[in-house]
Amino acid sequence: MIEPVACLSVVMPSYNEAATLETVIQRVLSSPYVQELIVVDDGSVDATVEIVRGIDDPRIRLFVQPINLGKGAALRRGFEEATAPYVIVQDADLEYDPAEYSTVLGPLLAGDADVVYGSRFLSGHAHRVLYYWHSVGNRFLTTASNMFTNLNLTDMETCYKAFRREVIQSIEIEEDRFGFEPEITAKIAAGGWRIYEVGISYAGRTYAEGKKIGWRDGVRALLCIVKYSPISDRVRGRR
């Protein structure tokens, strides 16, 4: 068994996540794979910045957006700042477990993949049971994305996306909000990068617990699937 090596930049966009932020940061920092944690505060009006500054660990790097610009904008900033060989997205809530970094990194460390998606829909892992229509929406968007990219992903909308750093830093991210997910998927597909999926657990939260994504984001995601697809690029003469 290969000993874990600190090789990972964790990019964490955060908007008003003070209730869970300290816990998830401690979980991230407990992973032996973490070289740095890049927290991008996206214009929070709660104690997010104070919480991050109050944690004494040299691996933490905090960047503060002056106003709320959206998850995609925060990730764009975080990816630009990443310095480790591999980069992963980590939400600031408790829906995804940093203890599974080894699973997500596996195909990257083996040299088999350029990008790895952590799928909530592959079998064998625990999932909190919540909203039926959310699961339908996720599968619909994933299917639509697959149709336009010719991929066979099971979970395009997952938070856990990990990349070789040079891959993610070579991609121009245009979407400021949740359109990031279909945009990055389409651009990875168009780039011909090697993509793997691994199964992960998922502890989804309710709207009362702070869940932010809504039906408008689903509509935007569908528009982005078409906008950024390789097919659309060819029609517009980009490629």
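The values are calculated or read from the model by the stated rules, or taken from the named source; none is laboratory data. It should be emphasised that the depicted structure is a prediction, and the values quoted were computed from it without experimental measurement. Virtual Cβ from ideal backbone geometry, glycine too; neighbours counted across all protein chains shown.
Given Y101, Y96, which one is part of a loop (DSSP other than H, G, I, E, B) and surrounded by 19 or more Cβ atoms within 10 Å (Cβ to Cβ)?
Among Y101, Y96, only Y96 is part of a loop (DSSP other than H, G, I, E, B) and surrounded by 19 or more Cβ atoms within 10 Å (Cβ to Cβ).
Among the listed residues V34, V40, which satisfies the condition of being at pLDDT 95 or above and within 19 Å of A73 (Cα to Cα)?
After ruling out the rest, the residue left standing is V40.
Looking at A84 and the list (1) within 20 Å of E181 (Cα to Cα); (2) over 12 Å from the mean Cα position of the chain (by Cα), which single condition is not satisfied?
Failing condition for A84: (1).
Can you spot a residue in region 69-81 that is part of a loop (DSSP other than H, G, I, E, B) and either within 16 Å of the chain's Cα centre (by Cα) or free of Cβ contacts under 8 Å to residues at least 12 places away in the same chain (or both)?
Yes; the residues of region 69-81 include at least one that is part of a loop (DSSP other than H, G, I, E, B) and either within 16 Å of the chain's Cα centre (by Cα) or free of Cβ contacts under 8 Å to residues at least 12 places away in the same chain (or both).
Take E181 and decide whether it is at pLDDT below 95, crowded, with 22+ Cβ neighbours inside 10 Å, touching an Asp or Glu at 6+ places or on another chain (Cβ under 6 Å) and on the phi < 0 side of the Ramachandran plot.
Taking the combined requirement at face value, the residue does not satisfy it.
Could you list, in sequence order, the residues of region 34-68 that are crowded, with 19+ Cβ neighbours inside 10 Å and in a loop (DSSP other than H, G, I, E, B)?
S44 - this is the single residue of region 34-68 that is crowded, with 19+ Cβ neighbours inside 10 Å and in a loop (DSSP other than H, G, I, E, B).
Any residue in region 106-117 that's in contact (Cβ under 8 Å) with a residue 24 or more places away in the chain and part of a loop (DSSP other than H, G, I, E, B): show its pairings with residues that are aromatic (F, W, Y) and crowded, with 22+ Cβ neighbours inside 10 Å at Cβ separation under 8 Å, as long as the two are six or more apart or on different chains.
Pairs that qualify, where the first residue is in contact (Cβ under 8 Å) with a residue 24 or more places away in the chain and part of a loop (DSSP other than H, G, I, E, B) and the partner is aromatic (F, W, Y) and crowded, with 22+ Cβ neighbours inside 10 Å, are D114/F163.
State the number of residues belonging to region 153-198 that are more than 11 Å from the chain's Cα centre (by Cα), part of a loop (DSSP other than H, G, I, E, B) and closer than 24 Å to G137 by Cβ.
9
Quick check, is S9 in a strand (DSSP E or B) and among the hydroxyl-bearing types (S, T, Y)?
In short, yes.
Got a sec? Which of R53, R76, R59 is touching a strand residue (DSSP E or B) at 6+ places or on another chain (Cβ under 7 Å), closer than 23 Å to F163 by Cβ and charged (D, E, K, R)?
Just a single option satisfies the conditions, and that option is R59.
Step by step: first the residues of region 1-50, then only those that are of a type in the set (D, E) and in contact with a strand residue (DSSP E or B) (Cβ under 6 Å, 6 or more places away or on another chain), then the one that is nearest to A84 (Cα to Cα). Which residue is that? If you could, list the steps in order and put the result at the bottom.
First, the residues of region 1-50 that are of a type in the set (D, E): 3, 17, 22, 36, 41-42, 46, 50.
When the remaining residues are screened for being in contact with a strand residue (DSSP E or B) (Cβ under 6 Å, 6 or more places away or on another chain), the result is 36, 41-42.
On the way: E36: 7, D41: 20, D42: 22 Å.
For region 1-50, the residue satisfying everything is E36.
For region 73-96, which positions are modelled with pLDDT of 95 or more and either over 24 Å from V40 (Cα atoms) or acidic (D, E) (or both)?
Those that are modelled with pLDDT of 95 or more and either over 24 Å from V40 (Cα atoms) or acidic (D, E) (or both): E80, E81, D91.
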